[in-house]
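One structure is given below, encoded as C-alpha cells.
The values are calculated or read from the model by the stated rules, or taken from the named source; none is laboratory data. On a predicted model such as this, the values are computed, not experimentally measured, just so you know. Backbone-built Cβ (ideal geometry, glycine too); neighbour counts: all protein chains shown. In case anyone asks, the SASA skips ligands and DNA or RNA and just uses the protein heavy atoms, side chains included. Shrake-Rupley method; radii C 1.70, N 1.55, O 1.52, S 1.80 Å.
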Amino acid sequence: MTVSPTDPGAASPEVPDELQNNVAITTIAKLLDPIYNWSRRNSLWPLGFGLACCAIEMICTAASRFDLARFGMEVFRATPRQADVMIISGTVTKKMVPTIVRLFNQMAEPRYVISMGACASGGGPFKEGYSVVDGIDKFLPVDVYIPGCPPTPQALVNGLIALQEKIDHQSIATASWYSKEDPMADVIPVPVLGPDLVDVRQIDLIKAEAAKAQAEITEAEVAETAV
Amino acid sequence: MTDTTLKTPDTVYENPVDEAIAILKERYPAAVTDDSRENYSGVVVNAENIVAVATALRDELGFNYLSSVTGVDLIEDNKMEVVYHAYNIEQGGGAVVLHVQVDRDDPVVPSLVPVFPGADFQEREAWDMFGIRFDGHPDLRRILTWDEFNGHPLRKDWREPFYEDDHKPFGSRWPGGGVHRAEEKNLYGKNVQYPSGWVPTGEEYEIETNMYEGITVSRDGTPGLKTDKVIVNMGPQHPSTHGVFRMVVTLDGETIVGLKPVMGYLHRNHEKIGERNTFIQNIPYTDRLDYISSMSNNHGYVLAVEKLMGAEVPERAEWIRILMVELTRIVNHLWALGFLLNDLGALQTPMLYFYIERELVLDFFEATAGSRMMCNFMRFGGVAYDLPDDVRGQPIMKFLNDLIYERIPKALEQGDGLMTGNEILRNRSIGVGYLSAEDAIAYSAAGPVCAPAAFPMMCAALNPILITNILILMWLFATTAIFMIASSFAWMRCVKVYVFWSRSCPISKRLRELR
C-alpha cells in the first residue's frame with residue numbers, strides 16, 4: 001500500500017469504499033508526531049544551572065508555590081547529558097561563556113535554550129560593562145526569550161509553556177537533529193579568552209582588522225622615512 | 001614599644017585610632033605623615049615602610065584586622081594610591097587608614113600578605129583592576145578577569161568596548177533622545193575590543209598557565225601505598241555551587257588537601273558602570289550586588305550617600321527601612337539554611353520548608369516596591385513609596401503581624417527542629433572546615449564566616465562600611481560557601497535570635513504610631 005507523500009490524508013483507492021470512514025491512513029511522522037511531542041513537551045528536564053539573580057527566581061519557580069512539576073519540568077539535572085533545556089538564568093560574563101557553550105554542546109539533541117531575563121537576552125543593565133556578553137544569542141540559538149529583571153516565576157512558567165507550544169509544532173520528519181546532512185551543524189565552536197572574548201567564527205575578521213592596522217603602521221613608517 | 005608605653009597617662013587621645021596614628025607618626029617620622037588633602041582621614045605612608053608600619057600596627061597597637069585593600073587611580077597627579085583599613089578587633093572603634101602613593105606608570109607596592117594573609121585576594125584585585133604590582137605577593141594572578149585580559153579596567157583612562165561618554169547622561173542620547181544599539185557601532189557586533197594589530201590564532205590560548213603552579217601532586221617519601229594526589233576542578237557549573245564559583249581542589253584520596261578558589265564568573269563590572277552613573281542611577285545596581293538581600297544593599301548605599309549629603313531621613317521612613325532590611329535578612333538566612341541542606345546532600349526537598357515564609361515576604365515586597373527581588377526601594381532621604389494598604393487581600397498591619405509574630409517564628413522553630421538535632425547534619429558539620437578565631441581575624445573573614453569563630457563583636461563593633469567593592473562581596477560569597485559547613489550551627493543560632501527579636505519587635509507597633 002502506498003500513500004502519496006504530497007497528500008497523506010487523502011483516501012487511498014486501495015481501501016474499499018465501505019471502510020473509507022473507518023480507516024485513517026497517514027504518514028508515520030504524522031501519526032507519531034503528536035505522541036512523540038506530547039511525551040517530550042511534558043518531560044522537559046532543565047539543566048540545573050544558575051548564573052545570577054534569575055537563578056533565584058528559577059529555583060523559586062521549581063519550589064512548591066509555583067511548582068514546575070505540574071508541567072513535568074521539575075527534574076533539574078546536574079549534568080548536561082541528561083538535560084533537555086538550558087535556562088540561561090542570569091548575566092553571562094565573558095569568563096563564563098566558554099563553559100556555557102561547552103555545556104550546550106554536551107547536551108543531547110533535541111535541546112532547547114531559554115534566555116531568562118534582560119541580561120541573558122541582551123546584556124541587561126550590565127550591557128555597557130566590559131566583562132559581560134551582550135546577549136547569549138550571540139553564541140547559542142535561543143528558543144524562547146523571557147523579559148524581566150528578573151522575570152517573575154509566572155513569566156518563567158509562561159516562557160516554558162511557550163517552549164512547549166514550539167515543541168508541539170516540531171516534526172520528526174523535519175527535525176534538524178535527525179537530518180543526515182551535517183550532524184555537527186548544531187555544534188557551536190567554543191569561544192576562547194584572549195585579550196578579550198574571541199568568537200572563533202570571527203577569527204578571519206579579526207585577522208583582517210589586524211592586517212589593516214599593520215598596513216596603516218607600515219604606511220605611516222614609509223611616509224615618515226620619505227619625509 | 002610595649003603596652004606600658006601605649007597607655008601613657010599624660011597623653012589623652014579621644015580614641016584608639018588617634019592614639020595609634022600619633023604613635024606611628026612618632027615612631028616613623030620620615031615615613032608616616034598626615035594626609036593633607038581635604039576631607040581625607042588617615043596617614044600617608046611611604047611605600048618602602050608599609051610592611052614595617054603594618055607590622056607595628058598589628059603586633060604592637062592591636063590593629064589586627066585588615067578589612068580592605070583598595071586601589072585608587074589619581075590620574076591628575078599621575079599617581080596610584082593603595083588604601084588600607086585596619087581595625088582593632090578587641091577594642092572596636094574606627095579604622096586606621098593608611099594611604100600609599102606610588103608612581104602611576106610603574107606602580108609597585110610591597111605586599112602585605114606576610115603581615116595580613118587576608119590581603120591576598122584584595123591585592124590580587126588591585127593588581128587586576130588597577131595594575132598595581134605587589135612585590136612579594138605569593139600568587140599575584142588576575143582574580144576577576146582572566147590571565148590574558150588586556151589592560152586594567154578600573155584605570156580612569158581605560159575604556160570599555162561600548163564606551164560612549166565619561167558620565168551620564170550620555171551626550172548622544174540626551175537631550176535629543178537619540179537611541180541606538182551599541183552593537184551597530186562595534187565592528188564585531190559584540191561587546192568586544194582587541195588591541196590594535198593583535199593577531200589571533202584561535203588555538204593556542206594557554207589559559208590559566210599559572211593556576212596550577214605550586215600544586216604538587218606527587219607524594220614521594222611518604223610511607224605506605226604510593227598514589228599521586230589528584231586535581232579536580234569543581235565548578236563553575238556544579239550542583240552544589242548554585243552560582244558560578246569554581247574551586248581547584250587537590251585531593252589526597254577522598255580528603256581535600258588544597259583548594260584554590262576561582263572567581264570572576266559573575267564579575268559584572270558594577271564599579272566601572274558606577275563611575276559613569278549619577279548617584280541615583282546606582283541604586284538599582286545595588287539591588288543586584290547580593291541579589292538575595294537587595295534591600296540591605298540599597299540601605300548601605302543610601303546611608304553612605306546620605307552621610308555625604310548630610311541628609312535627614314523622616315522617622316517613619318527609617319522604620320520602614322529597618323523593617324525591610326530585617327525581613328530581607330530573615331529571607332536571606334532562610335535561603336542559606338535551605339541551601340546548606342542542599343549542599344550537604346539532602347537535595348531539594350528539605351529546602352522547600354524554608355521557602356514558604358520567604359514567598360510571603362516577597363509578596364510584601366512586591367506590594368510595596370513593585371518587584372519581588374529587585375526592589376529599588378530606598379532613596380536618598382527616605383524610601384520610594386509608603387507601605388501599601390493591603391497585601392494579599394489583608395490589611396497591611398494584620399499581614400505584618402501574622403508574618404512577624406506567627407509565621408516566621410513558627411518556621412524558624414520548625415527549621416530548628418529539623419536541623420539542630422539532626423544526626424547526619426551534625427556529623428557533617430561539627431568540626432568540619434574548622435576556622436579558629438585567630439585565623440578568621442588574620443584572613444579578614446567577616447559576617448557569617450566569622451560567626452562560628454565566636455567573636456560577634458566583629459559584626460557589631462566595627463563601623464558600618466559601605467562595600468562598593470564587588471570583590472569583597474564575591475569573596476564573602478565564596479568563603480561563605482566554603483565555611484558554611486563549619487558555620488551552620490552559628491547560623492542556626494543567629495536565626496534563633498530572630499525568634500526572640502521578632503517576639504519583642506517594636507517595628508509594627510511604632511509604624512502604627514507614626515501612621
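Quick notes on this structure:
- Every listed requirement among (1) open to solvent by 10 Å² or more (accessible area, probe 1.4 Å); (2) touching a Ser or Thr at 6+ places or on another chain (Cβ under 9 Å); (3) not charged (D, E, K, R) is met by B:H267 save one, (1).
- Members of the range A:70-82 found to be within 11 Å of chain B (Cβ to nearest Cβ) and not β-branched (V, I, T), listed by number: A:E74, A:F76, A:R77, A:A78, A:P80
- Hits in the range B:334-363 - residues which are of a type in the set (D, E) and more than 9 Å from every other protein chain (Cβ to nearest Cβ): B:D343, B:E357, B:D363
- Meets criteria (free of Cβ contacts under 8 Å to residues at least 40 places away in the same chain and under 27 Å from A:P151 (Cβ atoms)) for B:D363: yes
- Filtered residue count, the range B:325-374, keeping only those that are over 27 Å from B:G235 (Cα atoms) and not in a helix (DSSP H, G or I): 3
- Flag if B:E125 is within 14 Å of chain A (Cβ to nearest Cβ) and either acidic (D, E) or open to solvent by 10 Å² or more (accessible area, probe 1.4 Å) (or both): yes
- Scope the range B:302-326; condition among the aliphatic types (A, V, I, L, M) and touching a residue at least 60 places away in the same chain (Cβ under 8 Å); matching residues: B:V302, B:L303, B:A304, B:V305, B:M309, B:A311, B:V313, B:A317, B:I320, B:I322, B:L323
- Residue count for the range A:31-51, restricted to those that are away from chain B (no Cβ under 14 Å) and surrounded by 15 or more Cβ atoms within 10 Å (Cβ to Cβ): 6
- A:V85 within 12 Å of chain B (Cβ to nearest Cβ) and modelled with pLDDT of 90 or more: no
- Wholly within the range A:89-191, helices (runs of 4 or more DSSP H) carrying at least 1 residues that are crowded, with 23+ Cβ neighbours inside 10 Å and within 11 Å of chain B (Cβ to nearest Cβ): A:97-106, A:117-122
- The set of residues in the range B:144-155 being out of contact with any Pro (no Cβ under 9 Å at 6 or more places or on another chain) and either open to solvent by 10 Å² or more (accessible area, probe 1.4 Å) or within 23 Å of B:R58 (Cα to Cα) (or both) consists of B:W146, B:D147, B:H152, B:L154, B:R155.
- Checking each residue in the range B:258-291 for being of a type in the set (D, E, K, R) and more than 7 Å from chain A (Cβ to nearest Cβ) picks out B:K260, B:E271, B:E275, B:R276, B:D287, B:D290.
- Of all residues in the range B:68-92, those that are touching a Pro at 6+ places or on another chain (Cβ under 7 Å), buried (at least 17 other Cβ atoms within 10 Å of the Cβ) and within 22 Å of B:E14 (Cα to Cα) total 1.
- Restricting the range B:241-257 to residues that are β-branched (V, I, T) and at the interface with another protein chain (Cβ under 9 Å from one of its Cβ atoms), the residue that is farthest from the chain's Cα centre (by Cα): B:T241
- The residues of the range A:71-88 that are in a helix (DSSP H, G or I) and either under 23 Å from A:A155 (Cβ atoms) or polar (S, T, N, Q) (or both), listed by number, are A:F71, A:Q82.
- Of all positions in the range B:343-350, none carries a residue that is touching a residue at least 24 places away in the same chain (Cβ under 8 Å), in contact with a Ser or Thr (Cβ under 7 Å, 6 or more places away or on another chain) and closer than 20 Å to A:P150 by Cα.
- Residues of the range B:100-119 include at least one that is among the hydrophobic types (A, V, I, L, M, F, W, C) and surrounded by fewer than 15 Cβ atoms within 10 Å (Cβ to Cβ).
- Count - residues of the range B:190-223 that are modelled with pLDDT under 70, farther than 26 Å from B:L140 by Cβ and either open to solvent by less than 80 Å² (accessible area, probe 1.4 Å) or among the hydrophobic types (A, V, I, L, M, F, W, C) (or both): 4
- Residues (of a type in the set (S, T, Y) and either assigned to a helix (DSSP H, G or I) or modelled with pLDDT of 85 or more (or both)) located in the range B:151-189: B:Y163, B:Y188
- Count of the range B:316-350 residues, restricted to those that are among the charged types (D, E, K, R) and surrounded by fewer than 18 Cβ atoms within 10 Å (Cβ to Cβ), is 3.
- Some residue of the range B:136-143 being within 14 Å of chain A (Cβ to nearest Cβ), part of a loop (DSSP other than H, G, I, E, B) and either open to solvent by 40 Å² or more (accessible area, probe 1.4 Å) or more than 22 Å from B:V72 (Cα to Cα) (or both): no
- Subset tally (residues that are in contact (Cβ under 8 Å) with a residue 24 or more places away in the chain and open to solvent by 100 Å² or more (accessible area, probe 1.4 Å)) for the range B:427-440: 2
- Candidate set from the range B:57-67 (those that are part of a strand (DSSP E or B) and crowded, with 23+ Cβ neighbours inside 10 Å); member that is modelled with the highest pLDDT: B:L66
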